[in-house]
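One structure is given here, and the rest of the page talks about it.
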Amino acid sequence: MATSPAPPPGTRAAPPRVLTVAGSDSGGGAGIQADLKTMLALGVHGMSVITAVTAQNSLGVSGAWELPAEAVRAQFRDVVDDIGVGAVKTGMLASAELVETVAGLLAGLPAPVVVDPVGVSKHGDALLAAEALDSVRTRLLPVATVATPNLDEVAQLTGVKVAAERDLRRAADAILAFGPRWALIKGGHLDGDAVDLLTDGTEEHWLRAARHPNRHTHGTGCTLAAAIASYLALGAEVPGAVAAAKEYVTGAIAAGFPLGGGIGPVDHGWRWR
């Protein structure tokens, strides 16, 4: 992997570099756009490999077009071979071919990988072909440093249905069985406080935050995964990176704002306001 040369005297060194491999959200609230905003807010240099283009707004996704595997591979190689990466985050990969292409590119990469196994959008629109689920299980999750499924994605991938906080351990075990080093099971769809479980099968870290009465939460999962990758690139260990990312996204949810006629986005720049 290439590394940036030392800067000339008097020139600022480049910040840590984080790569997002995900789909584009034309409404700007999720996907590549949310990831890059998060990375900027957290002080890292964001780079992107676009896997798909979606037409969407605050009301939902009206269309999605995946890019050819060749285009995804070329974007990745150009970034990694010249600029290098300190961490990678994956999001919408759309098809089995793209899942396998990205998993192959990530295999052996000496940088932490955060896998957000995106299956459906905030509005319930499918963003991953059903036939790609097995590729996520067998090819993508094994290369993950941290996998960050929500409860719907846990059910899709493992068949485990989480109805209460006590079920989160069972969900984590089922995800860890596919090979990621850590599983972060997001319990945001449960009643009560927003509680997540981070575990590697030995350590357990329970992360809690008050639930904010704000419906404008588009991009929450993308933002959390991008924040974890950013903090990993900044040198944090996994538990610290996840805790810091949880704090950041909780503030972004609290500051989420209306946009259009449906669900607005979280506010990635809430710390600057």
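Throughout, read-outs are computed from the coordinates displayed, never taken from laboratory work. Keep in mind that what you see is a predicted model, and the values were worked out from it rather than measured. Neighbour counts are summed over all protein chains in view; Cβ atoms, including those assigned to glycine, are modelled from backbone coordinates with ideal geometry.
Couple of notes before you dig in:
- Extension gain from residue 170 to residue 65, taking 0.36 nm per residue of separation minus the Cα-Cα distance: 34.3 nm
- Non-local lysine pairs in region 17-259, meaning eight or more places apart or on different chains, with alpha-carbon distances under 17 Å, amount to 7.
- FRET efficiency, residue 181 to residue 130 (Cβ-Cβ, R0 41 Å, nearest 0.05): 0.95
- Taking label points 7 Å from Cα along the Cα-to-Cβ direction, residue 247 and residue 26 give a separation of 3.9 nm.
- Residue 77 paired with residue 189, simple spin-label distance in nm, labels 7 Å along Cα-to-beta-carbon: 3.8
- In terms of overall dimensions, region 87-210 has a Cα radius of gyration and Dmax of 13.8, 40 angstrom.
- Summarising the amide proton neighbourhood of residue 24: residues at separation of 5 or more, or on other chains, whose placed amide H is nearer than 5 Å comprise 32, 51, 52, 53, 54.
- Paramagnetic label reach from residue 203 (point 7 Å along Cα→Cβ; backbone nitrogen cut-off under 11 Å): within region 163-185, residues 182.
- Shape of region 161-273 from the C-alpha gyration tensor: oblate (a/c of 1.5 or more and a/b not above b/c, with a ≥ b ≥ c the square roots of its eigenvalues).
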